[in-house]
Amino acid sequence: MASDLDDEIDDLQAKIASLKKQLRIQTSTLITAPSTRQLFTEAADQPTTTLTLPRKDNTTTTTTTTDAATLNPKLRAQSALQQAHNQQSLYRACATLTTFRARDPDPHAVDGGAILGLRVEVISRARFLRPYYVLLNRPYPGGGGGGGGGGGSRLLRVHRHTLPPCIPLAGLAGRYLPAPPAKKPAGRGGDGDGGVGRQDLARFARALRREVVRYHHRLGVVADLRKAAGMGRERDEEGEEEQLNRLVDIAPADAEAKHLSIEWADGRTGRLVMGDDGEIVKLVVLGENGRDREAGRDLLGGAVRVEEVVKRMAALT
Amino acid sequence: MPRISVPTTARLPSSLRVNPTNPAATKILGRLSRSSLLSVALDWLDDNSLSLAQPYLREDEDDDDEDDDETDDFYPPARSPEALRDVYTLLQARKGSKREILDRITEGDWRHGLSLYQLAMADLQYLYDHPTSQQWSAYRIMPLKPPRDPDGEEPPQVDKQSLTIPRFHPSTFLRTLQAQVLPDVKAHYTFDAHKTLPLLLLRIFIVDSPYNTNLGLQQKTGTPTTTTNFDASRTVYIAFPDASPHLFISKPQTTTLTSSSSSGSSGESKSLRNLLVEGIPKALSRPLQRQRFTLQSTSLVTRNLAALVERRGGGRTNAAGGGWSVYTAAAAAADGDDDDGSKKRETPLDLVLPASASASPPLFLGGGEESGGGNGKRAAVAGLVLAGERREERAVKRARLVARARFGVTAVAGDGKGVERVDVVVEDAFPDAGGEENAGGDEEGGRGGRVGRGGGRKSQVDAVLQRAAGDEDEHEDDTQQQQQDGVAQKWRPYVRLTFHGPHVFAGIRQLVEAGIVDGERMPGWMTGEEGVTIGAVRHGRIRGHKGSGL
C-alpha cells in the first residue's frame, strides 16, 4: 500500500519535472520567437497593457501579480537575458573558443579576483562535449614585462583549469604565457628563445585547442578502430573460435591515447604508436616466436594513417 | 631448489614459498576477516593463479601408503584443486570462526608454504578491505631538460616548456626499477589493478637479504639479530593513476610484530622511501629517447585513495577544486536535485536559459559572466519569496548559498573523498591592531591560553572563542603560536593550523553552512581548492600556488 503510494508520488514528481522542463523549453522558444520580439519592440514604443496577457501565459515568473507595470520590465529582462544566452551559445557553437569573465571567490585572490575564463568546446561524434575551461588571472605585480597599465602587470597566468592531465597545459603555458622574468633579467641569459617574455594569449588558446581536439580525435579513432574490429558487439556465433586472426582488444595504452595496445585472439599482442595527428609511427606485433612482422603488415596494409586502418578493417569485415 | 644460493640482483620469484608459521605470513593472513580469507583462498584456487599457489594435495590416488599415513591428519589433503574449491565454497556458505579458516590454510592446505604471490594477494585484499590503512603521498612526474652539459655536472632542470606527457609501461618500469634496487635487498613485486578506482597498484615487498631463494625468507630463530631476516620485511605500495602523470607512494610498513627494531625503523623506512623516490623517476625515464623525468612532491598526503584520484587523477578535477568545481563534469552529475541541471552548460545547442541557482555558476563566480545577469533576477525573486521570512532563516539560506559558491560540489560529507589531515602554516604578518585578521574565521579553535603579548590580539581571540562555542569536534584546530621576532617592520607570529577529521573540508563546509565560519571572508585555502594538505600561507594564499593549475 505504502509502496503504491510512493510509486504514485514518484510518478507525479517525474511528471512535474518533465512538465517544468517542457515549460522552460517553451518559454525560451517563445521568448525568442520573432513575433514576440516584435511585440516587445512595439511595447517599448507605446507601453500598453494589452500585451500583458499573452506574455503572462508564457513566462515562468513566479510572481502572482497581474500588474502590467511589474510584469513588463521583468519580462523584458528575461528576454534580454535569453537573447544574451542565445548569442553566447551561437558564439560558442561557431567559434568553439570563447572567453568570459568570472570572479574568484577567494577574498585574498590576486588582482581583486578578476578572472579571465577560456572556454574550449569539443565536438566529438557529432556532439558537443562538456567544454574545457582554463581560468586565468593576473598575479604579477606591476612593472613586469608586458606594459603594466593599471596597478599590476597585465601578464596572465593559468589559475585553474579543467583540462585532463594528458593535455600538456603546463608546457603550453610555459611557451606562450611565460612568467615575467625575475628581478634580474640578466641572470637568465641562457635562453636563446626569441619569444621568451612575451605572452600571446591567442596563440596559447589556439595551441591548447589544437591539443584538445587532437586528443579527442585520437580517442575517437580508437573507438572507430574498435568498432571496425567488431569489438563491443555481442558475439552470438560461437563458431568463430577458430578464427584466430581476430582482434579481441584495442585500447589506448597511455594517457595521451597515442599508444594503442592490440590483442589478437591467439594471444599475439601488438603496440601501435601514432603521432599527434593520427599518423602511424610504428607498429610492433609480438607473437609466440618473437616479432610477427607479417601480422603487422596484414593489419596496416600500407596505411600511413590510423583512419586508413579503420577503413581497411571496416571493408574486411 | 638449488643447494647453494648466490647473491644476485634478481627479484624474488612469485613462486617462492614462505613457511606459514612465519610471523610475517601469519600477520598478513591474521588481519584479514573470515570472508576475506575465504575469498582470497578461492582466488588462489582460481585457474589463473593456481600455478603460483599450489595447495598441498594428495599425491596419488592408488598410493595406499600415502593414504594410510594421512588418515589421522586433521586436515586431510584434497585430491584436486576443484575439490578444495568446493570445500572453501561450502565454508563460505557456513558460519564459523576466522580461526578455523586460518588454521585450515596454514596447517592444512598450504602447510608446505605460502608463496609470495599468495601473500601479496592477501595483503592486497587487506588494502581493499581497509582502504585507509595506508598513507599515500602524491608525486608529480615532471620532465627534465636534456642535459646540455656532456659531463652531466650541472643538476638537471625541470623543463617547463616540455609537451611530453610521461608514459608508463608496467613491465619495463619494473625491469628498470629492479636495476635501481641495491643488490643486498630483495624485493617481490606484484601488480594489481585496483578494483574500484582507476589505479594500477604495485606492491613491493622488500626483504633485507642478499639471497633470492628460500634462504632469504627463512626465519633464523637461533640468531634473532641476523640481517637476513624475514622479520625485517617491508611493504610499499605505489599506485599509478590511469592517464595521469602522477604517482602515489605509500608509507613503508613493516609486516612484523616485533617492536624491538622500531627505534631505527622510522629512519630506515624513510631512507627506503627516499630510495624509491630516487629510483622511480630513473625507472620511468628513457634516456635513449632523451626523456628524463623527476618526481616532485605535490604536498598532498592522505589516506584516502579516492581523494588522491580526484585531485591528481586523470580527470578534470585536478586543478579545479573548491568553488571551481562548477566547471567540472562532476558539477553536472552532482546537481541531481535540479531537474535541468544535469545537462547544463554542456552544449551550446541548448538554448534553454540557465534558470536555477545551481545551473549557472553560483553567486561569486557568475558575477561577470555573459549569462551572469541571471543572478540579479534570481536574487530579486528570492527576495520576494523571502520577504516574509525571518532574518535568521535568510541568513541560513545565505550561508548555504555562500558555501555552495565557495565549495561548489566538493567537500560534501559522505562523498568518500575526504582528507583526514591538513597542515597549514600562516606566514602572514600580524595585522595592525584592530585590523582584520587574515585568517578570518578559522582561528576559533585557538587556545587562548597560549596567546602571549599583544592586547588587541587577546580581545580578538576571546571574541573568536565565544563565536566558536558551537564548534564541532570534527573541526579541531590546533593553533600553536610561538612568538618569533619577525622581520623588522612587521611581527610575524608562527601560526600553524592543523585540521583533523574524517573529511576536513566537508567539516569546514558544514561550519560555513552553520554560519560559524564567515564564508565570504574565508580564505581560499580553507575550501581545499588548492588540492594540497600541506602548505604555507602568504598573503592569504597558499604559497607557490598563485595558480595551482600548473
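The values are calculated or read from the model by the stated rules, or taken from the named source; none is laboratory data. Everything quoted here is computed from the prediction, not taken from an experiment. Don't worry about glycine lacking a Cβ; one is built from the backbone with ideal geometry, like all the others, and counts go over all protein chains shown. Note: accessible area is taken over every heavy atom of the protein model, side chains too, but ligands, DNA and RNA are not part of it. Shrake-Rupley method; radii C 1.70, N 1.55, O 1.52, S 1.80 Å.
Looking at A:Gln82, A:Gln78, A:Gln46, A:Gln88, just one residue is over 30 Å from A:Asn137 (Cβ atoms), modelled with pLDDT of 70 or more and out of contact with any Leu (no Cβ under 6 Å at 6 or more places or on another chain), and that residue is A:Gln78. Mind listing just one residue for me: the one in the range A:170-182 that is under 26 Å from B:Gly528 (Cβ atoms) and within 7 Å of chain B (Cβ to nearest Cβ) and, of those, surrounded by the fewest Cβ atoms within 10 Å (Cβ to Cβ)? Applying the filter and picking the extreme gives A:Ala170. Looking only at residues of the range B:505-533 that are in a helix (DSSP H, G or I) and open to solvent by 10 Å² or more (accessible area, probe 1.4 Å), we find that the one that is farthest from the other protein chains (Cβ to nearest Cβ) is B:Gln510. Put simply, of B:Arg303, B:Arg312, B:Arg316 the only residue that is modelled with pLDDT of 80 or more and within 13 Å of chain A (Cβ to nearest Cβ) is B:Arg312.
Condition first: open to solvent by 10 Å² or more (accessible area, probe 1.4 Å), more than 7 Å from chain B (Cβ to nearest Cβ) and not in a helix (DSSP H, G or I). Now tell me which residues in the range A:84-108 satisfy that. Of everything in the range A:84-108, those that are open to solvent by 10 Å² or more (accessible area, probe 1.4 Å), more than 7 Å from chain B (Cβ to nearest Cβ) and not in a helix (DSSP H, G or I) turn out to be A:Thr96, A:Leu97, A:Thr98, A:Thr99. When the range B:107-148 is filtered for residues that are among the charged types (D, E, K, R), open to solvent by less than 20 Å² (accessible area, probe 1.4 Å) and farther than 14 Å from B:Pro55 by Cβ, only B:Asp123 remains. Before we move on, is A:Ile167 open to solvent by less than 20 Å² (accessible area, probe 1.4 Å), at pLDDT 80 or above, of a type in the set (Val, Ile, Thr) and in the same structural domain as A:Leu272 (by TED's automatic domain parsing)? No: the conditions fail for A:Ile167.
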